[in-house]
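Read through the structure below, which is laid out as structure tokens, and then see the notes.
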Amino acid sequence: MARYQYTATSEDGSRTVKGTLEAPNEAAITDTLKKQGLRPLSVTAEKKASSLSLGKLMGGNKVKSDDLVIFTRQLSAMVGAGVPLLRSLNSLEQHSESPALKSILVTIVKDVEGGTTLGDALAKHPETFSDVYINMVRAGETAGILDEILKRLALQQEKNAAIRKRIKSAMTYPIVLLFITVGAFFGLMLFVIPQIGQILKDLGGEDAELPALTQAMLTISAFIIQWWYIVFPVLGIGVFLLLRYLKTPSGRKMFHRIVLRVPSVSGIIRKVIVARFARTFSALTGAGVSIIETMTVTAHALGNVVYEEALLDAVDKVKNGQQLSRALEEEGLYPAIVSQMLAVGEETGQTDTVLVKVADFYEEEVDAAINSISSIIEPVMIVIMGGAVGLIAASVMGPIASLSQNIN
């Protein structure tokens, strides 16, 4: 029997369960979970470790967000035009330009041909299709409005992809400068400072008194040169362990808490989360998904553990009869405008429409904030690099000027 990883929710959507089970096939896993009162979101076979290939190293086995948006829009257009779902999937699979998406569509077509619903077929590929995507497709199939739901999904993905690209483009410049600064520091310490130190000793003699700053630079340089085979591995292992810790639940929670306290950055992060919450919640509500399941799925889609736990806590309050707007207001993480707009949506029955406006507003705020911080990052990084170079220059020029005066 094979081992399968599964993600499932309780019937009322109040909790999400993940685990592994052994079974002869995926259908057996689904039956087992249903007997336990769980509704499967995704069931995937555990893959055996395989040798690395160039395609995997370059990310060739991952579907790009742009390819997924195009697929979603094309499927929506074909289904809306009355083309049968199976024929639409076959056509998109044959004409797909993405090898990764093409291979996934082959599997999806086989599953749909075997009588599996589209939502369940997509759930077998959680690395490509998120819980939000899968739940919206399932709701669209149930309500018979799959083409409209796919349009909503495509729009949501485009908005999310646009925000991610803006953030990546804003972070590229400072990250490159940071690597250059670190590389320049080690380059100076390994090759330049030792030569200058030798010149200073030749001019002033072995007993020459050097400024504290110069002596510190020479000490650091000598330490790195003598113990480089320990320094660099320790740094590499330290970075590796840190990144691995940040992937653990406790590490992610700690990192997300710290990020929310960093000046300037925290404002952007909060606006991104609020925009993601509003658009995801709106999409699921508009698709007819129940309020409890909408909150549960949205919580896992926010990308921040602090906000995720707060929204899951609000689920219990809503179950006890409290309005969602009031529950979010008590959490204290969301701006007042979110709870106010939610209250209006609850009174008018147009929560999805109201939240779309909130999402549009905060996405514009994110764009403005990113533009603002991008204009600040460049001079700040230049000052940091200039300060590092100036510090080293001062440690070198000070003793040279002093020795010159002594010689005169």
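Values in this text are rule-based calculations from the coordinates and carry no lab data. Model, not experiment: these values are computed from the prediction. Reconstructed Cβ throughout: ideal geometry from the backbone, glycine too, with neighbour counts over all protein chains shown.
Remarks
- Legend: residue pairs LYS64/LYS124; LYS64/LYS151; LYS124/LYS317, Cα-Cα distance threshold 23 Å; pairs beyond threshold, LYS124/LYS317.
- The distance separating the Cα centre of region 296-369 from that of region 23-43 comes to 32 Å.
- Rounded tilt (10° steps) of 351-407 against the dominant C-alpha axis of the chain: 10 degrees
- Anisotropy class of region 305-363 from Cα gyration tensor, a/c 1.5 cut: oblate
- Remark on THR9: its backbone amide H falls under 5 Å from those of VAL17, ARG39, LEU41, a criterion applied only to residues 5 or more positions apart or on other chains, H modelled at 1.01 Å from N.
- Global form of region 243-288, assessed from the alpha-carbon gyration tensor, a/c cut-off 1.5: oblate
- Rg and Dmax, both from the Cα atoms of region 156-307 and both in Å, are 24.6, 83.
- Within the chain, longest stretch clear of exposed trypsin sites (Lys or Arg not before Pro) (DSSP loop, no more than 10 other Cβ within 10 Å): 49-246
- Taking percent of Cα pairs over 40 Å apart as calculated from this structure, the corresponding entry among (i) 35; (ii) 28; (iii) 41 is (i).
- Exposure proxy order (Cβ contacts within 10 Å, fewest to most) of SER10, SER221: SER10, SER221
- Across region 249-266, computed HN-Hα scalar couplings (Karplus, 6.51 cos²θ - 1.76 cosθ + 1.60, θ = phi - 60°) run x, 5, x, 4, 5, 4, 4, 5, 5, 5, 4, 6, 10, 6, x, 6, 5, 4 Hz from first to last residue, x flagging Gly and Pro.
- Summed residue charge, Cβ within 10 Å of ILE134's Cβ, Lys/Arg positive, Asp/Glu negative: 0
- The chain: relative contact order as a whole-number percent, Cα under 8 Å and 6+ apart: 15 percent
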